[in-house]
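Notes follow the structure.
Bear in mind that the values in this text are calculations on the coordinates, not laboratory data. Because the structure is a prediction, the values reported are computed rather than measured. No Cβ is skipped: glycine too gets one built from the backbone with ideal geometry, and neighbour counts run over all protein chains shown.
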């Protein structure tokens, strides 16, 4: 089988790149839904349907496992798809298929606890609160997935999310670095103003943002730890394969890149991040 990696655009390549490094012999097919990117400002039902269509496309290409390398899709659509669509689809295709996301691994990395763990509610407040900042798309912010799920596990961590409405679009459009830096500095300042201080740690809650992680690091106080979604996802997928031997990632080192948008070479910002030219096939 192949491992499918899905995103609304090129941001998921940050996760894909780390997965390729972790599983160099595995077969990968990447699908960017660039015709409909970005997802962050879309209504929830549209996000669910677009994500479902992307998963179907990857399953049809021979993937048995799809990783949603998109915070918006994983936050808004994943649970719905797992509960209401996947069981019937598995029966229809007659083989084990599954869809995983990047939010659960990120929350595990942020809390240092497994997803199954839920803290016992305590009446007394924690003596010291750690402030965790999350920079994300508006749809991910509206879902409050990081606030809700981290609070279930760690009552000594307070989560504050900052929506960044245009940032994914700017990265997708190959905006100049000085414009990206100014936009990121504005969001970091806005979050700090709302909290009353800077966060102790930060999650880049959109995989596009990993491409400009150095600009976030420069805008935040020196030494502020960033929770890296590509690393967390690679760790989680390795554990998943150990638990589920029915899913085999392939051995041919296949690398295919598909897009619903304009096929061909991708923008220079992405190529710089990737370390070489990338050409997408039409999906």
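Between residue 166 and residue 267, what FRET efficiency comes out of the Förster formula 1/(1 + (r/R0)^6) with R0 = 22 Å and r the beta carbon distance, rounded to 0.05?
Numbers: r = 16 Å, r/R0 = 0.74.
According to the calculation, E is roughly 0.85.
Just check the range 4-146 against the gyration tensor rule for me: Cα atoms, a ≥ b ≥ c as the square roots of the eigenvalues, rounded for a/c under 1.5, and otherwise prolate or oblate depending on whether a/b exceeds b/c. Intermediate results must be reported in sequence, preceding the final value.
Working: a/c = 1.66, a/b = 1.62, b/c = 1.02.
It comes out prolate by the Cα gyration axes.
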Separation between Cα centres of the range 187-225 and the range 144-158, rounded to whole Å:
18
Testing the spin-label approximation: label points 7 Å from Cα along Cα→Cβ at residue 80 and residue 60. State their distance in nm.
2.1
If I model a spin label at residue 189 and residue 46 as a point 7 Å from the Cα along the Cα→Cβ vector, what separation in nanometres do I get?
3.1
Mean ellipticity per residue at 222 nm, deg cm²/dmol - from DSSP H runs of n ≥ 4 across the chain, formula -39500 (n - 2.57)
-12500 deg cm²/dmol
If you find the alpha carbon centre of the range 230-283 and of the range 6-41, how far apart are they in angstrom?
5
Sort the chain into rounded, prolate or oblate with this rule: let a ≥ b ≥ c be the square roots of the eigenvalues of the Cα gyration tensor; rounded if a/c is under 1.5, and if a/c is not under 1.5, prolate when a/b is larger than b/c, oblate otherwise.
oblate
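Sort 75, 268, 161 so the one with the fewest other Cβ atoms within 10 Å of its own Cβ comes first. Intermediate results must be reported in sequence, preceding the final value.
Details: 75 28, 268 10, 161 23.
Starting with the residue having the fewest Cβ neighbours, the order is 268, 161, 75.
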Linear extension gain, residue 218 paired with residue 254, 0.36 nm per residue minus alpha-carbon span
9.4 nm
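Would you mind putting 49-61, 236-248 in packing order, based on average other-beta-carbon counts within 10 Å, highest first? Don't jump to the answer; show the numbers that get you there.
Values: 49-61: 19.4, 236-248: 13.5.
Highest mean packing first, the order is 49-61, 236-248.
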Shape category assigned to the range 111-228 from the gyration tensor of Cα positions, a/c cut at 1.5:
prolate
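For a quick protection proxy, order the peptides 209-218, 30-39 by their average other-Cβ count within 10 Å, most packed first. Each step should come with its number before you reach the end.
Working: 209-218: 19.6, 30-39: 23.8.
By packing density, highest mean first, the sequence is 30-39, 209-218.
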Counting other C-beta atoms within 10 Å, which of 206, 70 has the fewest, and how do the rest follow?
206, 70
